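Undergrad: Sharing a structure below in structure tokens format, with a few things to ask.
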Amino acid sequence: MIYIYLILVFIFGLLIGSFLNVVIFRLETEEKIVNDRSKCLHCKHILSWKDLFPVLSYIFLKGRCRYCQKKISFQYPLVELITASFFVLIFSHFFLEAEKYFIENIIFYLFIISVLIIVAVFDLRHYIIPDKVIYPAIIVAIFFDWLFLNSVFIDHLLAAIVSFGFFLMIIILTKGQGMGGGDAKLAFLMGLLLGWPLVILAILLAFILGSIIGVALIFMKKKKAKSMIPFGPFLVLGTVLSFFYGEEIVRWYFEFFL
Ligand SMILES: [Zn+2]
């Protein structure tokens, strides 16, 4: 029975992923999110319903526009697949745990993962974390924590403030060379989502993954040592890993080293 749910959740995730692509694009062009019909970016031809199936349209059209044959970015099916996979992961996580507030948790975390995906992709492309996305997410997260976390609400709020302060300190010490205000705001959101001590683990993982990828890119000569690598995607990765596997990682760490 759960398989039917998972398939439905996966399809729902593909559709939302397709919507996230639109949001990412319209944040770039400052268009309204809910605007007119989608068009080909190259030839401006209005897309038909046949072109709008997540992933499938991309495969059948062999990654090219039906009208002008221009290549379509691989980002589109990739974001759709990643969104769908996370939707399934979140659904099964709460389904198996059978927690209280099942529906509330699912809705909240599907919203949050959507925000995190937008943040990661947008930061990767433009080296900025859009306020238009991060502020609403912070407000929703505060309300969610306040309504459903009860006793640990203050804990999470404190984790958020300290994480924000930590990044603010880095920004001041490095005179804004490495991190930006967006990273600090994202760290605030991470504190609200994870609380102690998982937020520390998430930030630590982000720094470790960021340095590994950074060094790898320099070796592959894709980036010069001084050029920018956005940190947002690593913070998102750290958050997701910490949320799903944090307790296991901490347990593994202590068994290994102590
Ligand atoms: Zn076209």
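The values are calculated or read from the model by the stated rules, or taken from the named source; none is laboratory data. Keep in mind that what you see is a predicted model, and the values were worked out from it rather than measured. Neighbour counts run over all protein chains shown; Cβ positions are idealised from the backbone, glycine included. Quick note on the areas: whole protein, heavy atoms, side chains included, nothing else; ligands and nucleic acids left out. Shrake-Rupley method; radii C 1.70, N 1.55, O 1.52, S 1.80 Å.
Undergrad: For region 57-175, what does the alpha-carbon gyration tensor say about shape, rounded, prolate or oblate, given a ≥ b ≥ c as the root eigenvalues, a/c under 1.5 as rounded, and a/b over b/c as prolate? Please report the intermediate quantities before stating the final value.
TA: Numbers: a/c = 3.27, a/b = 1.40, b/c = 2.34.
In terms of gyration-tensor shape, oblate.
Undergrad: Here's something else I'd like to know. Quick check for me: using +1 on Lys/Arg Cβ and -1 on Asp/Glu Cβ, what's the dipole size of region 1-77 about its Cα centre, in debye to the nearest 20?
TA: So the magnitude is around 380 debye.
Undergrad: How big is D for region 1-98, in µm² s⁻¹ as a whole number, if Stokes-Einstein is applied with the Kirkwood radius of its Cα pairs at 37 °C and 0.692 mPa s?
TA: 225
Undergrad: Using a 1.4 Å probe, what is the accessible area per residue for the chain, in Å²?
TA: Here the per-residue accessible area is 60 Å².
Undergrad: On to the next question. Keeping the other protein chains in place, figure out the carbon and sulfur percent of the accessible area of the chain, with a 1.4 Å probe.
TA: 72
Undergrad: Dipole magnitude of the chain about its Cα centre, charges +1 at Lys/Arg Cβ and -1 at Asp/Glu Cβ only, in debye to the nearest 20?
TA: The dipole of the chain has a size of about 1600 debye.
Undergrad: Say each of Cys40 and Val162 gets a label point 7 Å from the Cα, pointing the same way as Cα to Cβ; how far apart are those two points in nm?
TA: So the two model labels end up 5.5 nm from each other.
Undergrad: Follow-up. Tell me, what is the FRET efficiency for Tyr135 and Ile172 to the nearest 0.05, using R0 = 35 angstrom and their Cβ-Cβ distance as r?
TA: Rounded to the nearest 0.05, the efficiency is 0.95.
Undergrad: Oh, and also: Specify which residue in the list Ile82, Ser38, Val9 is farthest towards the positive end of the charge dipole of region 1-98, using unit charges on the beta carbon of Lys, Arg (+1) and Asp, Glu (-1), about the Cα centre.
TA: In region 1-98, that residue is Ser38.
Undergrad: Here's a follow-up. Show me the ranking of peptides 205-212, 178-185, 3-10, 151-158 by mean Cβ neighbours inside 10 Å, starting with the highest.
TA: 178-185, 205-212, 151-158, 3-10
Undergrad: In addition: Is the shape of region 160-258 rounded, prolate or oblate, going by the alpha carbon gyration tensor and its root eigenvalues a ≥ b ≥ c, with a/c under 1.5 for rounded and a/b larger than b/c for prolate?
TA: oblate
Undergrad: Another question about this same structure. What are the equivalent ellipsoid semi-axes of region 94-144, built from the alpha-carbon gyration tensor (square roots of five times its eigenvalues), in whole angstrom, biggest first? Numbers along the way, then the final one.
TA: Details: eigenvalues 134, 32, 6 Å².
Largest first, region 94-144 gives 26, 13, 5 Å.
Undergrad: What full-extension length gain, to one decimal in nm, is calculated for Ser73 and Glu104 as 0.36 nm per residue of separation minus the Cα-Cα distance?
TA: 7.7 nm
Undergrad: Also: Assuming R0 = 41 Å, can you tell me the calculated FRET efficiency for the pair Trp196 and Trp49, based on Cβ-Cβ distance, to the nearest 0.05?
TA: Between Trp196 and Trp49 the formula returns 0.30.
Undergrad: Choose one of His126, Phe167, Ile139: the residue whose Cα lies farthest towards the positive end of the charge dipole of the chain (beta-carbon charges +1 Lys, Arg; -1 Asp, Glu; about the Cα centre).
TA: His126
Undergrad: With every atom except the alpha carbons ignored, what do you get for Rg and Dmax of the chain, in angstroms?
TA: Answer for the chain, Rg first and Dmax second: 19.6, 62 Å.
Undergrad: Of the cross-linked pairs Lys44/Lys132; Lys50/Lys70; Lys50/Lys71, which ones have a Cα-Cα span greater than 19 Å in the structure shown?
TA: Result: Lys44/Lys132 exceed 19 Å.
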